[in-house]
Amino acid sequence: MDLAAARARMVREQLACRGIRDERVLRAFARVPRHLFVPDDFQAQAYEDHPIPIGEGQTISQPYMVALMTEQLRLQGHERVLEIGAGSGYQTAILAELALEVFAIERLPTLLESAQRRLQRLGYSHVQFSAGNGSLGWPGNAPFDAILVAAAAPRVPPALVDQLAEGGRLVLPVGPSDAQMLLRIEKHQGALQREDIAHCAFVPLLGEAGWAEHD
Ligand code: SAH
C-alpha cells in the first residue's frame, strides 16, 4: 500500500475539499506520517475518514476533526501551545509542525510513553510531555497563546481560561458524553469571545475540572 499517496489523498479529499484553507495546516497534515500513530493492525486504515482505536478505550480523532481544531487555533509559528489529551501523539506532532513550543498532557501513562517515543523518533525536540490531569492546565508553563483539548468537558475548565495569554485561543469540545459542541474561546483584555464551531463527539475529559473518574 502506498501510504504517502493515501496521505496526499486524505489532505485533498477530506481536508481541502471540506474547507480547511490554512496552507500551513494542510502542509503539516501532508508531512506527519499518521500511520505511525495507530496500532500496527490499523496501519492500512490510517488515512481513512474516521477515528481509530489506540488502546485503553481511547481513539485517535478523525483527520478532519484534528484539522478543524488545529485551524481554529490560527497558529503562525511563534506560539506556545498547550495540548490536553495527547493520546497517540498525532495531534501533538501536527501542533509541533506549526508552533514554536508544544506542552502536551496525557493522563494515561502507557499512551503518554508511546506518544513521547514517536515524537522523539520523528525528531520533534520542542515538545514537552507531562502525565496527569490536564483539566487544570500546566500553570508552571502558562500563559499559552493557544490551548487545544481533545476530550470533552462538561463545562469550560476555568484554569484553562486563566492560562490563556492576551489574544489567546482555546479550542475544546463541551457538552454531555454523547454530543458536544466544539467551541473557540478568545481572550481580549480579559474579556472572552466565544464561538460555536461544530457538533462533535469526543471521549470524556476526566478529572477535577472534567467528568468524575469511576475506576
Ligand atoms: N489527540 C489525540 C486524541 C486522544 S483521545 C490523538 O491524536 O490521538 C483523548 C485523550 O484524552 C485520551 O488519550 C485520554 O486518556 C485523554 N484524557 C482524558 N482526560 C484527560 C485529562 N483530564 N487530562 C489529560 N488527558 C486526558
Worksheet item: Which is farthest toward the positive dipole end of the stretch 51-200 among 180, 70, 137, measuring Cα position about the Cα centre, with Cβ charges +1 (Lys, Arg) and -1 (Asp, Glu)?
Response: 137
Discussion item. Could you sort the peptides 119-126, 187-194 by per-residue average Cβ neighbour count (10 Å cutoff), highest mean leading?
Written reply: 119-126, 187-194
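Using the C-alpha atoms of the stretch 145-203, what convex hull volume per residue, in cubic angstrom, is computed?
Convex hull of Cα atoms, per residue: 64 Å³.
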Worksheet item: With point charges of +1 on the Cβ of Lys and Arg and -1 on the Cβ of Asp and Glu, referenced to the Cα centre of the chain, which listed residue (11, 119, 192) lies farthest in the positive direction of the dipole?
Response: 11
Discussion item. If the only charges are +1 at each Lys and Arg Cβ and -1 at each Asp and Glu Cβ, what is the size of the charge dipole of the chain around the Cα centre, to the nearest 20 debye?
Written reply: 560 debye
Fill in: Magnitude of the charge dipole, the stretch 4-67, Cβ model with Lys/Arg +1 and Asp/Glu -1, debye to 20
420 debye
Item to complete: Starting from the Cα of residue 49, step 7 Å along the direction of its Cβ; do the same at residue 199; then give the gap between the two resulting points in nm.
Response: 1.7 nm
Worksheet item: What is the local net charge at residue 76, summed over the other residues whose Cβ is closer than 14 Å to its Cβ (Lys, Arg +1; Asp, Glu -1)?
Response: -2
Worksheet item: In whole angstrom, how far apart do the alpha carbon centroids of the stretch 53-72 and the stretch 123-175 sit?
Response: 16 Å
Practice prompt. Mind giving me the nanometre distance, one decimal, between the label points for residue 165 and residue 41, set 7 Å out from Cα along Cα→Cβ?
Written response: 4.4 nm
Worksheet entry | Share antiparallel - DSSP beta bridges, the chain, percent rounded to 5 | 45 percent
Worksheet, complete the sentence: Cα convex hull volume per residue for the chain, in Å³, equals 112 Å³
Item to complete: Only helical DSSP H runs with n ≥ 4 go in: add -39500 (n - 2.57) per run for the chain, normalise by residue count and round the 222 nm mean residue ellipticity to 500 deg cm²/dmol.
Response: -7000 deg cm²/dmol
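Since every read-out is calculated from the coordinates, none of them should be taken as a lab result. Everything numeric here is computed off the predicted structure, so don't read it as measured data. When we count neighbours, we look across all protein chains shown, and the Cβ atoms used for this are built from the backbone with ideal geometry, even at glycine.
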